[in-house]
Amino acid sequence: MDKHIVIVGAGVAGINAATKLVDNKYKGKITIIDMGKDPHKRLPSEVMTGMLGAGGWSDGKLTYHTAIGGQLSKYCGEDKAMELMDQVIENFKHFHPKPEEVQCSDPQAEPDFIKPYFGLRLFPVWHVGTDYLLEIAKNWYSYLVDNEVEFMWETKVSIIDFTNNEIWYEGNDTQFPNIAYDELIFGVGKSGIDFGKHLAEKYDLPTEPKSVQIGVRFEAPQHHFQKLIDVSYDFKLYRKFDDKGVSLRSFCTNNNAAYVAVEETYGNYSYNGHAKKDEKYRNDMTNFGIIMEVNGIEDPFTWSRNLVKSLQINGKGLYYSPSRIPSHTSEGSYVEATQIGNTVMDEVREAFEGYFKYIDDFIDGMKEIFPTLKDDWGMYIPEVKYLSPEPLVDYTNLALTKYPNVHFVGDALSARGITVSGAQGIYVAENILRFS
């Protein structure tokens with residue numbers, strides 16, 4: 001009998017899962033539910049929810065390595081993980097209006113000048129181009145709709161009954177606000193992580209605690225970093241303090257036409273970034289996250305939520321710089337942030353409970369290897385990757401150990417990148433096809 005597959009979340013994981021099913025002529029019904037809007041209605045500023053999620057809407061860099069962006073090879077092995085990521089990249093190319101412009105950078109050597117202060121992770125990155133993500137989303141959406149995938153937009157899932165295979169939702173005008181499923185793919189992004197945590201607690205799911213992932217979005221004129229950008233466009237500098245349970249990395253580097261983007265999650269502001277390809281957007285800026293991974297904090301999800309909440313003034317996140325003012329968005333307005341001085345910055349350091357010293361140290365290290373940087377920089381506070389406790393899953397299909405027809409993918413399974421999230425979705429779809 002053909003099964004009804006319901007996918008919660010129209011992000012990269014869920015969309016790639018649906019595409020794998022459609023490409024292989026799956027005969028059952030496929031329904032995708034998302035809080036956001038379809039790509040024809042979604043505004044550029046609506047970063048967090050909607051078709052292709054947050055990463056597929058405002059980023060456009062596909063990392064091509066199993067050590068970056070979350071766990072994948074632990075479930076399926078190194079070779080299979082790379083095969084799955086190949087499929088994600090091919091999907092983005094397939095729906096790209098100019099696939100010939102999707103290019104790969106593949107740095108090979110770590111430059112000597114960074115070695116006294118940082119390590120540098122080298123890995124291939126496919127550059128899709130932020131400018132093209134809207135058209136990719138529209139093309140991809142049309143393909144799935146044409147193949148009879150049903151979408152329920154602006155619909156918030158409020159209850160999932162794993163025992164009776166039912167989903168209850170709000171925001172839709174129907175008088176029957178529930179839907180039954182045979183297979184469920186739970187692919188919520190950052191804005192739904194608290195819901196995943198709630199489900200884990202409600203059903204007493206065995207989980208693996210995760211680390212805190214929090215920091216700042218750093219921004220400066222590009223020329224300060226050019227000698228490293230020439231080696232690695234999306235450079236990943238890192239430092240480790242193993243005895244303190246702390247490591248830091250630069251994350252999601254954007255250059256040439258680089259813009260800081262506001263993310264609003266749980267009513268609070270945090271920051272990310274993206275880069276345009278069109279020369280008309282060139283601003284010769286660089287931005288990247290400086291993210292700390294902190295282990296050993298009890299209930300890291302709640303700790304992160306409370307910290308982010310404390311870093312809001314006037315309903316916005318914060319901006320600190322020794323010399324600069326907030327920059328402009330790609331739409332021409334200032335990035336929404338409350339600019340603070342040294343006194344409030346000291347309060348920020350206190351809110352981080354001593355951990356901000358590692359970010360200060362990271363910035364001091366960059367001043368050493370990029371001597372022109374000096375005080376010509378600013379940082380948006382905070383940048384955060386919410387990771388709830390990861391549910392234990394069957395490695396063959398990413399299904400919950402207690403509920404074999406419920407599959408967790410993407411951010412809900414601690415993925416932190418577009419390629420890994422999409423690969424997890426495809427992996428689940430392959431298993432469903434195998435037994436359909």
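Rounded to the nearest 20, the size of the Cβ-charge dipole of the chain about its Cα centre is 260 debye, with Lys and Arg at +1 and Asp and Glu at -1.
Of the residues Leu120, Asn272, Leu21, the one whose Cα sits farthest towards the positive end of the charge dipole of the chain is Leu120 (charges of +1 on Lys and Arg Cβ, -1 on Asp and Glu Cβ, taken about the Cα centre). Can you tell me which aspartates and glutamates have their Cα less than 14 Å from the Cα of Lys190? Leave out same-chain residues fewer than eight positions away. Output for Lys190: Asp34, Glu46, Glu263, Glu264, Glu383, Glu390, Asp411.
A 1.4 Å probe run over the protein chains yields, for segment 1-49, 40 Å² of accessible area per residue, whole-number rounding.
Partners of Lys276 within straight-line reach, counting lysines whose Cα lies under 19 Å from its Cα and excluding those fewer than 8 residues away in the same chain: Lys61, Lys93, Lys98, Lys138. Here the sum of -39500 (n - 2.57) over DSSP H runs of 4 or more residues, divided by the residues of the chain, equals -8000 deg cm²/dmol at 222 nm, to the nearest 500.
Per residue, segment 337-386 exposes an accessible area of 42 Å² to a 1.4 Å probe, with every protein chain left in place. These residues, His65, His223, go from largest to smallest accessible area, 1.4 Å probe, as His223, His65. The charge dipole of segment 118-214, taken about its Cα centre with unit charges on the Cβ of Lys, Arg, Asp and Glu (plus for the first two, minus for the last two), comes to roughly 640 debye. In a reduced charge model with +1 at each Lys and Arg Cβ and -1 at each Asp and Glu Cβ, segment 285-436 shows a dipole moment near 400 debye about its Cα centre. Within 15 Å, Cβ to Cβ, of Ser232, how many net charges do the neighbouring residues add up to if Lys/Arg are +1 and Asp/Glu are -1? Neighbour charge sum, excluding Ser232 itself: +1. The portion of the accessible surface of the chain made up by carbon and sulfur, rounded to a whole percent, is 47 (1.4 Å probe; DNA, RNA and ligands excluded).
Annotation note: GluC sites (Glu not before Pro) in segment 294-348 located in DSSP loop regions with a Cβ neighbour count of at most 16 within 10 Å are Glu298, Glu331. Annotation for segment 122-177 versus segment 7-67: alpha-carbon center distance of 6 Å. Most fluctuating residue of Thr396, Thr286, Thr66 in a GNM of the chain with Cα springs under 10 Å: which is it? Maximum fluctuation in the GNM of the chain, among the listed residues, is at Thr396. Accessible area per residue for segment 201-275, computed on protein heavy atoms with a 1.4 Å probe, is 34 Å². Note on the chain: dipole from Cβ charges, positive end direction compared against Met345, Trp140, Phe162; the farthest Cα belongs to Met345. Shape analysis of segment 10-160 based on the Cα gyration tensor places the equivalent ellipsoid semi-axes at 30, 18, 16 Å, largest first. When Rg and the Kirkwood Rh are both derived from Cα coordinates, the Rg/Rh ratio for the chain amounts to 0.95.
The values are calculated or read from the model by the stated rules, or taken from the named source; none is laboratory data. These numbers come from a predicted model, not from an experiment. With ideal geometry, Cβ positions are generated from the backbone for all residues, glycine too; neighbour counts draw on all protein chains shown. All accessible areas refer to the heavy atoms of the entire protein, side chains included, with ligands and DNA or RNA removed. Shrake-Rupley method; radii C 1.70, N 1.55, O 1.52, S 1.80 Å.
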